[in-house]
Amino acid sequence: MRESDVTELIEKVKSYGRDVKIVAATKTRSAEEINRLKKFGITAMGENRVQELLAKYDGLDMPEIHFIGALQTNKVKYIADKVCMIQSVDRIELGREIEKRCAAINKVMDVLVEVNYGGEESKSGCRPSDCVALALGLANLPHLRVRGLMTVLPIGAPDEMYDGMKKLSDELKAQLPEAEYLSMGMSDDYERAIAHGANMIRPGTALFGAREYPAGRESK
Ligand SMILES: *Cc1c(COP(=O)(O)O)cnc(C)c1O
């Protein structure tokens, strides 16, 4: 991690003059590396894999841990007590499992509905046309608090997709005021995402530098 990369990103985000929450995407990064973000005022992180989160959890000193990756229903029980937001809820069954596990520990979990706006087969997320109904269905579960939408847009996505997500986000917020977040934008497009209305971004590489994967493990 280069400190200048972190401060540069923070300055760029500030230059938009709006409240934009930075959630550092921390896959492949060590707890020590992640904890260093705190002194720059970045207090939220997002992990993609349950196993990886559990492996580094004890070393973490971050106020907010989000889950941002594809989540199998049978793994919710491992993270329910460890994360404050699950950004990747894309089906009601997953919501019901979060409800069950959070009810058991008396916790209300913040969630975002993940939207597969580009319709890519390889990506998780619900269909854009289903996301508002899904969000409202999830909002009926007493131990879930639906805070907005999340998306991973295709590389090189046209402006229309960014604007389409903003439109869905506004539509949902009109029915559910606490669904205030639109989590959109990663290292390569966070400025574009903010310009199009994102108020939560998930940069990884832009903060930490290029990822190195252990040999034999597929990058994602
Ligand atoms: C890896 C990842 C990111 C960050 O990607 P970068 O290109 O490193 O910024 C953001 N969101 C999700 C869901 C990711 O998996």
Would you check if there is a residue in the stretch 7-29 being in contact with a helix residue (DSSP H, G or I) (Cβ under 7 Å, 6 or more places away or on another chain), modelled with pLDDT of 95 or more and among the acidic types (D, E)? no
Among the residues of the stretch 1-53, how many are of a type in the set (S, T, N, Q) and within 18 Å of S183 (Cβ to Cβ)? 3
Return the pair list, or none, for Cβ contacts closer than 8 Å from residues in the stretch 148-177 that are touching a residue at least 40 places away in the same chain (Cβ under 8 Å) to residues that are polar (S, T, N, Q), at least 6 apart or on different chains. G148/S169; G148/S183; M150/Q87; M150/S88; M150/S183; M165/T151
Going through (1) surrounded by fewer than 23 Cβ atoms within 10 Å (Cβ to Cβ); (2) under 15 Å from the mean Cα position of the chain (by Cα); (3) at positive phi one by one, G119 fails only at (2)
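Which of the residues that make up the stretch 145-155 are more than 12 Å from G119 (Cα to Cα), within 16 Å of the chain's Cα centre (by Cα) and either near the ligand (Cβ under 10 Å from one of its atoms) or surrounded by 20 or more Cβ atoms within 10 Å (Cβ to Cβ) (or both)?
Keep residues of the stretch 145-155 that are more than 12 Å from G119 (Cα to Cα), which gives 145-150, 155.
Narrowing further to those that are within 16 Å of the chain's Cα centre (by Cα): 145-150.
Residues satisfying the conditions are V146, R147, G148, L149, M150.
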Just to verify a result, which residue in the stretch 1-49, among those that are surrounded by fewer than 21 Cβ atoms within 10 Å (Cβ to Cβ) and of a type in the set (V, I, T), is farthest from A195 (Cα to Cα)? T28
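Report whether or not L37 is of a type in the set (A, V, I, L, M, F, W, C) and over 21 Å from L9 (Cβ atoms).
no
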Report yes if some residue within the stretch 210-218 is among the hydroxyl-bearing types (S, T, Y) and under 22 Å from M45 (Cα atoms); otherwise report no. yes
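Yes or no, residue by residue, for (1) farther than 14 Å from G46 by Cα; (2) out of contact with any helix residue (DSSP H, G or I) (no Cβ under 6 Å at 6 or more places or on another chain); (3) modelled with pLDDT of 95 or more:
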| position | (1), (2), (3) |
| --- | --- |
| I65 | no, yes, yes |
| Q72 | yes, yes, yes |
| K77 | yes, no, yes |
| V83 | no, yes, yes |
| S88 | no, yes, yes |
| I92 | yes, no, yes |
| E97 | yes, no, yes |
| R101 | yes, no, yes |
| D110 | no, yes, yes |
Within the stretch 45-87, the residues that are away from the ligand (no atom under 16 Å from the Cβ) and of a type in the set (F, W, Y) are Y57, Y78
Restricting attention to the stretch 161-212, the residues that are more than 14 Å from V132 (Cα to Cα), in contact with a Leu (Cβ under 9 Å, 6 or more places away or on another chain), among the hydroxyl-bearing types (S, T, Y) and in a helix (DSSP H, G or I) number exactly 2
Pick from the stretch 88-133, criterion closer than 25 Å to E64 by Cα, polar (S, T, N, Q) and without any contact (Cβ under 8 Å) to a residue 60 or more places away in the chain, ranking: farthest from the ligand (Cβ to nearest atom): N106
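The values are calculated or read from the model by the stated rules, or taken from the named source; none is laboratory data. Owing to the predicted nature of the structure, the values given are computational and were not obtained by experimental measurement. Methodologically, a virtual Cβ is constructed for each residue, glycine included, from the backbone with ideal geometry; neighbour enumeration extends over all protein chains shown.
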